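Only one structure is covered here, and it is reproduced in the block below.
The values are calculated or read from the model by the stated rules, or taken from the named source; none is laboratory data. Please read these numbers as outputs of a predicted model, since none were measured by experiment. FYI the Cβ positions are ideal-geometry reconstructions off the backbone, even for glycines, and counts take in every protein chain you see.
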Amino acid sequence: MKISYDPALPITDRHDDIAAAMRDHQVVVVAGETGSGKTTQLPKIAYELGRRAIAHTQPRRIAARSVAKRLADECEVDLGAEVGYAVRFDDQTSEATAIRLVTDGLLLAELQRDRQLSRYDTVIIDEAHERSLSIDFLLGYLKQLLPRRPDLKVVITSATIDVERFAEMFDAPIIEVSGRTYPVEIRYRPPAETGADDELDAIAQAVSELPNEGDILVFMSGEREIRDATDYLNGKKYPRTEILPLFGRLAAADQQKIFSNHPGRRIVLATNVAETSLTVPGIRYVIDPGFARISRFSQRLKVQRLPIEPISQASASQRAGRCGRVADGICIRLYSEEDHDSRPEFTDPEIQRTNLASVLLQMASLDLGDIKDFPFLDPPDSRAISDGINLLYELGALDAKKSGGRGLTKIGRRMSTLPTDPRLARMLLAADKLGCLGDVLVIVSAMSIQDPRERPLDRQQAADEMHRRFREPDSDFLSYLTLWKYIREMRDELSSSAFRRLCRDEFLHWLRIREWHDVHSQLRRTAKEMGLKPGTVGADPDRVHQALLSGLLSHVGLRDTDGREYLGARQAKFMIFPGSGLAKKPPRMVMVAELVETGRLWGRTAAKIQPEWVEEAGAHLVNHVYSEPHWSRRRGAVMAREKVLLFGIPLVADRLVQYGRID
Ligand code: CDP
Ligand code: MG
C-alpha cells in the first residue's frame, strides 16, 4: 500500500496530532467541515499506526462503495485487496483486506456473530452527526465493549454539528480539522416571489439565474424526484450541459461519473448523500429546494414513514457549504429567509423520531440487551419503553413482557426485517399466511402515507361526492383497494398529464398517490426478498380483515346495543369518525386503524369484524372467566358458563362450555 497525503487537504495539517491522539487514547473524535479529508484520510493514518483490521462505517451503501474505490486508487491497490467494501448483497473484500468499508447497518449485523468485534482492531464510525438508529446502536454498543477490548481503537467523525456530545460520551479528545472555505452568497427565491409553477420550474428558474459556466448541485428529496427533474431539465436543452443524477440505487458506474473529468457544465441532481457523505468535486453553485426525506414516526398515523420534510438550518448550511470549496459560491434557496429562520436548528436524532416498539424490535433482533441498561446518547423515556413492550407483546413479537429481547419470537424476528411500523409488519406476515398479501400490501402502503383523498375546506361536499364512489359499506380498508384499482386503470388509460388533471378534478392528491405506489413497490420488493408471496389483489375480504386484525388487536371496539359509542381496549370509549363509510350504520364490532383524540376519541379507518376472529388472533391476550360449574345430565359432563374478554372488551358474553376440558 502506498500511503501519501495530499497537502491541499485540510486534514493533512493535523496528521501528526491525530496520530498522536490515536496512540494515547482509545477513542478520538475528529470534527471538520465536509470535504476536509476525514473519510478518505483517517483510515490511512490508522494503517500507518500498524492497524490492519479497520472497519470504516458509512451511513449509505453508495458512500461505502465510492469511498472504498477512491481509497484503493489513492493507495494504488486493487479494490477488494488491501482496501475493500462490504454492503448487503455485495462483498468486495478478501483475506488481504486491511481497510474494510461497510455500512453501519452491516457492522451491526456482524455483531450478532462476533460479539467482541474480534475481527477488527480499529473501528471508524464516520458521519456520526447523522445520528441514525444504527449509529446510536453502534456507539452504545462500543461504549459497553471498550473496557473488554482495551486493544480496540475507535475514531468517531462528525461534521461540525454538536460534536461535544460524542466526546463526553467516551471521554475522548476532539480534534478539529479546519476547512478552507470560500464565502458563499445566499439568495432566497421563494416560489411566491418568482411565480414558479412548481419545484421543477423553480429549479429551472434558478439555473437560468446562474452563470453558464460552473457546475451546479441540486438537492432533491428522492430517486423519483431526481428522475423527473432529469427529464425536465434535459428537455430545456441547455447548451454544453450534462444533467447527472446521483442516488443510492444508481448503478455503480453511473455513480462514479460524478468524480470523472468532463468538458462543459454539469448539473448534478443528488439526494441527501451529497450533503455530507459524498463530496461532488468542482461544484460552484448550489440549488436547495429545502426538503429531504426524513425517517419519522408519526404520532397520528402510527406508522413509520419517510415523509418529505423541510430540512434543518444545520442541513441548509451544510448544503450551502458544498459550493464554497474551490472558489466563491452562490447558493439559491427556493424558500424565504423567514422560512429558513423558523426552521429547527438541527434534525432530531432518529431515536427521537421513531416508534419505540420499532427500536425495541431492532434491539431485540440485534441482541443488544436490555434497553433500560443500554448507554444511549439520548435514552428514551421509560413510559415510551413500556408502551413499546406492551405493543410488541400484543403483536406476538415478544413472548413475555421483558425488555431484554430474550423473548423475541419467530414472528418478531421476521417483523424486524420489514421496514414498516410493527403493527403493519404484523399485518403483512399474517396476510402471507392467509394468502391475501397482495391486497394487504396495497392497504398497508395506503396506511403508511397521508390519505390521498383531498378534502379542501371550501369544496368539502364536492370532494365527498367524488370519493363516495370508492366507499365500501363495511370496510374503509376495502375502499383503499377500490381506489387503488381505479387509479391503476386510469393511469394505464390516460396520458400522464391527463391523469394529473383527473386527480385534480376528482380531489385526489397526485403526489401522495405517487408516494403510495412507491411505498407499495418498496414493500413488495422487501416482502419478496424475505420469501413472502405477494400474489395479486382480489382475495376473500374476510381473510384480508383477519390479517389486518392481527395488527390492530388493541384497536377493537364493541358497540353498546343502543348507542353509537364503542367500548375499546382498557375502557377507552370511541366513536367512528364521521368521514367513514361505517359512520351511518355502525356495526356491533369494529377494528380501527387509528384512534385520534380531538376533544373526544375517534376511530379512523374502520371495518366490521367478527368476535371469533378476535378470539383467534388474540388468543395470547384474551381472558376466560368461568362461572356456575354444574353437572349436565343431558351431556353427561360438567358444564360451565364462559366469558371471553380482550383488554376488558367482552368478545363472548355468555357461552356454555365443558368444564372438564378447561380444568
Ligand atoms: O470526509 P470529508 O468530508 O471530510 O472529506 P473526504 O470525503 O475525505 O473528501 C476529501 C476530498 O477527496 C474531497 O475533495 C473529495 O472531493 C475528494 N474525493 C474524491 O475526489 N473522490 C471520492 N470518491 C471521494 C473523495
Ligand atoms: Mg466524510
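Computed quantities for the displayed model
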{"read-out": "Subset of the range 233-254 (residues that are assigned to a loop (DSSP other than H, G, I, E, B) and in contact with a strand residue (DSSP E or B) (Cβ under 8 Å, 6 or more places away or on another chain))", "value": "Y238, R240, F247"}
{"read-out": "Residue check for I156: more than 25 Å from D373 (Cβ to Cβ) and of a type in the set (A, V, I, L, M, F, W, C)", "value": "no"}
{"read-out": "Pick from the range 281-296, criterion over 23 Å from E213 (Cα atoms) and assigned to a loop (DSSP other than H, G, I, E, B), ranking: farthest from ligand 2 (Cβ to nearest atom)", "value": "G290"}
{"read-out": "The listed residue being farther than 17 Å from H15 by Cβ, of a type in the set (S, T, Y) and modelled with pLDDT of 95 or more, out of T97, T34", "value": "T97"}
{"read-out": "Single condition D91 does not satisfy, out of (1) out of contact with any strand residue (DSSP E or B) (no Cβ under 7 Å at 6 or more places or on another chain); (2) in contact (Cβ under 8 Å) with a residue 12 or more places away in the chain", "value": "(2)"}
{"read-out": "Elements of type strands (runs of 3 or more DSSP E) contained in the range 133-232, each with 3 or more residues being away from ligand 2 (no atom under 16 Å from the Cβ) and touching an Asp or Glu at 6+ places or on another chain (Cβ under 8 Å)", "value": "184-188"}
{"read-out": "Members of the range 261-280 that are within 16 Å of ligand 2 (Cβ to nearest atom), in a loop (DSSP other than H, G, I, E, B), modelled with pLDDT of 90 or more and not β-branched (V, I, T)", "value": "E275"}
{"read-out": "Any hit, the range 292-309, residues being among the aromatic types (F, W, Y) and at pLDDT 95 or above", "value": "no"}
{"read-out": "Flag if T409 is over 20 Å from V590 (Cβ atoms), in contact (Cβ under 8 Å) with a residue 12 or more places away in the chain and surrounded by 20 or more Cβ atoms within 10 Å (Cβ to Cβ)", "value": "no"}
{"read-out": "Helices (runs of 4 or more DSSP H) (entirely within the range 312-403) containing at least 3 residues that are within 27 Å of L145 (Cα to Cα)", "value": "356-365, 382-394"}
{"read-out": "All positions within the range 26-43 that are away from ligand 2 (no atom under 12 Å from the Cβ) and crowded, with 22+ Cβ neighbours inside 10 Å", "value": "V27, V28, V29"}
{"read-out": "Residue identified as surrounded by fewer than 16 Cβ atoms within 10 Å (Cβ to Cβ), away from ligand 2 (no atom under 12 Å from the Cβ), assigned to a helix (DSSP H, G or I) and modelled with pLDDT of 95 or more among R52, R23", "value": "R23"}
{"read-out": "Residue check, S4 surrounded by 19 or more Cβ atoms within 10 Å (Cβ to Cβ) and within 16 Å of ligand 1 (Cβ to nearest atom)", "value": "no"}
{"read-out": "Single residue of the range 94-114 satisfying the filter (part of a loop (DSSP other than H, G, I, E, B) and in contact (Cβ under 8 Å) with a residue 40 or more places away in the chain) that is surrounded by the most Cβ atoms within 10 Å (Cβ to Cβ)", "value": "A98"}
{"read-out": "S445 in contact (Cβ under 8 Å) with a residue 40 or more places away in the chain and either part of a helix (DSSP H, G or I) or over 26 Å from K585 (Cβ atoms) (or both)", "value": "yes"}
{"read-out": "Residue ID - farthest from V273 (Cα to Cα), chosen from residues in the range 60-78 that are out of contact with any Leu (no Cβ under 9 Å at 6 or more places or on another chain) and within 12 Å of ligand 1 (Cβ to nearest atom)", "value": "E74"}
{"read-out": "Of the criteria (1) within 16 Å of ligand 1 (Cβ to nearest atom); (2) on the phi > 0 side of the Ramachandran plot, which one G50 fails", "value": "(1)"}
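One line per residue, one yes/no per condition, for (1) at pLDDT 95 or above; (2) more than 26 Å from the chain's Cα centre (by Cα); (3) buried (at least 18 other Cβ atoms within 10 Å of the Cβ):
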residue: T482; (1), (2), (3): yes, yes, no
residue: D492; (1), (2), (3): yes, yes, no
residue: L502; (1), (2), (3): yes, yes, no
residue: D518; (1), (2), (3): no, no, no
residue: L523; (1), (2), (3): no, no, yes
residue: D542; (1), (2), (3): yes, yes, no
residue: A547; (1), (2), (3): yes, no, yes
